[in-house]
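Student: Take a look at this one; I'll ask things after.
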Amino acid sequence: MTKSYHIFLGWGLVFAVTLAILIGLPRLAGTSADFKDQVKWQKRASNLQNIEFEYYAASNFAKTLTSQHLDRTVSSPYMLDYLVTADIPQNSSALVANSKAFAHEVSCLAEAVYYEARSETISGQKAVAEVILNRVGHKAFPNTVCAVVYQGAERTTGCQFSFACDGSNAILPRGKNWSEAQDISRHMMMRASAAITNRATHYHTTNVNPKWAPSLRKLRQYDTHVFYRFMPRKRRLRPVSVAP
């Protein structure tokens, strides 16, 4: 009885070990493969970040493309994103950099529109955005949107746009007005509208009378903002008459 029991126990142990090997090895292999995929993805992601390419695993973009173009049996989110980007040409990093720069510029423009004119009509908000874009193209101002919007912000009294210095932006933009400001900014950055300010580079609200206003050419008013541009050079050189 004892001998039979030991034989039965031995064969049972052999069977259990064999079954564990048959079940465990494929799982270990699968785990190893997944781990290798993740390492491969992480290395790629690191390389992309080194060229300032921010990429997010399992993005909606990746899921959409994989559902349309890739083998549906691939399920690892790391590999899905890897496969989506596998055919991107090497020089695409420049395109990505340009896209990121554009998004950053749109954000700065939206902040200016939001803090300076969120209570205005669409035309009033577009006019404020246009002034900033006109400054970008004018030699008297910085040549990027963000630099124009935050010009002088390093000084407490040097801001070109008051919100950058008066603490208004301590309250983060939000809600419908923020969404609208972003939409308007993208629209204006793409130059999707005809000019409406006649090349204005300055504006002020109707409740102030800045000392620089008489030296500029007054153009028109949108809502509570009055718009100006520089005088022609010849006019600027003439003495200003104080006669009525």
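All of the numbers you see were taken from the coordinates with simple rules; none came from a lab. In this text, all values refer to a predicted model and were calculated from it rather than measured experimentally. Glycine also receives a Cβ, built like all others from the backbone with ideal geometry; neighbour counts cover every protein chain displayed.
Student: Taking H as built 1.01 Å from N, whose amide H comes closer than 5 Å to the amide H of TYR222, not counting residues under 5 places away?
Tutor: PHE227
Student: Non-local amide H neighbours of THR201 (under 5 Å, H modeled in plane, Pro and chain starts lacking H): which ones?
Tutor: Amide H neighbours of THR201, under 5 Å, 5+ apart: TYR228, ARG229, PHE230.
Student: Which order do the peptides 186-193, 141-148, 123-130, 208-215 take when ranked by the mean count of other beta-carbon atoms within 10 Å per residue, highest first?
Tutor: Ranking the peptides 186-193, 141-148, 123-130, 208-215 by packing returns 123-130, 141-148, 186-193, 208-215.
Student: Under the 0.36 nm per residue contour assumption, what length would be gained going from the current alpha-carbon distance of THR121 and TRP178 to full extension?
Tutor: The THR121-TRP178 span can extend by a further 19.1 nm.
Student: Here is a further query. Work out how much length PHE102 to SER168 would gain on full extension: take 0.36 nm times their residue separation and subtract the Cα-Cα distance, in nm to one decimal.
Tutor: Full extension from PHE102 to SER168 adds 21.3 nm.
Student: With the calculation restricted to Cα positions, what are the radius of gyration and Dmax of the stretch 98-237 in angstrom?
Tutor: Radius of gyration, then largest Cα-Cα span, for the stretch 98-237: 14.5, 47 Å.
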